[in-house]
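Comments concern the structure below.
The values are calculated or read from the model by the stated rules, or taken from the named source; none is laboratory data. Quick caveat: nothing in here was measured; it's all calculated off a predicted structure. Glycine also receives a Cβ, built like all others from the backbone with ideal geometry; neighbour counts cover every protein chain displayed. What goes into the accessible areas is simple: the full protein's heavy atoms, side chains included, and nothing from ligands, DNA or RNA. Shrake-Rupley method; radii C 1.70, N 1.55, O 1.52, S 1.80 Å.
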Amino acid sequence: MERYITRAYWKFIIATLLTCNVYSQFESDKLSHFLGGYSSGALAYEYTYQKTKNKNKAFVGGLLGSLVVGSAKEFYDSKQLNNSFDKNDLLATFTGGLIVSLTFNILKKNKNEKIHNNLVRNYRKYKRKRARKKG
């Protein structure tokens with residue numbers, strides 16, 4: 001178990017360092033779109049997961065949430081500022097939703113996985129105790 005925690009810890013550190021490197025290369029507008037997609041994707045993921053208890057549906061919900069918010073913001077910008085629809089802004093928003101959905105999908109364990117892990121752990125303890133008694 002400790003090995004998996006160590007792996008997750010190092011993955012988190014590497015992802016943070018890569019994000020810091022990429023952060024310096026973003027325009028401020030793209031960064032705000034990324035953060036908007038990140039937050040809307042997180043909200044949509046959690047809402048969908050609470051309703052369905054299914055990680056795959058929640059993943060799609062997070063992606064769709066960020067896509068809807070990004071599209072709405074771009075339509076608003078194109079009407080208010082008389083600009084054209086900026087696909088790169090929409091891509092930055094979608095990327096934020098993709099990153100948060102992937103992260104939550106990897107880290108979230110459903111109840112059945114926890115029960116299964118506990119059963120396997122207890123069975124292994126039982127086998128070790130039995131082997132000690134024989135030996």
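Scanning the range 69-87 for residues that are within 28 Å of ASN105 (Cβ to Cβ) and without any contact (Cβ under 8 Å) to a residue 12 or more places away in the chain, we see that the one that is surrounded by the fewest Cβ atoms within 10 Å (Cβ to Cβ) is LYS87.
State yes or no: is THR95 crowded, with 16+ Cβ neighbours inside 10 Å and more than 23 Å from ASP29 (Cβ to Cβ)? It is false that THR95 is crowded, with 16+ Cβ neighbours inside 10 Å and more than 23 Å from ASP29 (Cβ to Cβ).
Criterion applied to LEU63, LEU91 was being more than 15 Å from the chain's Cα centre (by Cα) and at pLDDT 85 or above, and the one residue passing it is LEU91. Sub-8 Å Cβ pairs linking a first residue in the range 107-118 that is open to solvent by 100 Å² or more (accessible area, probe 1.4 Å) to a second residue that is modelled with pLDDT under 70, at least 6 apart or interchain, are LEU107/ALA8, ordered by first then second residue.
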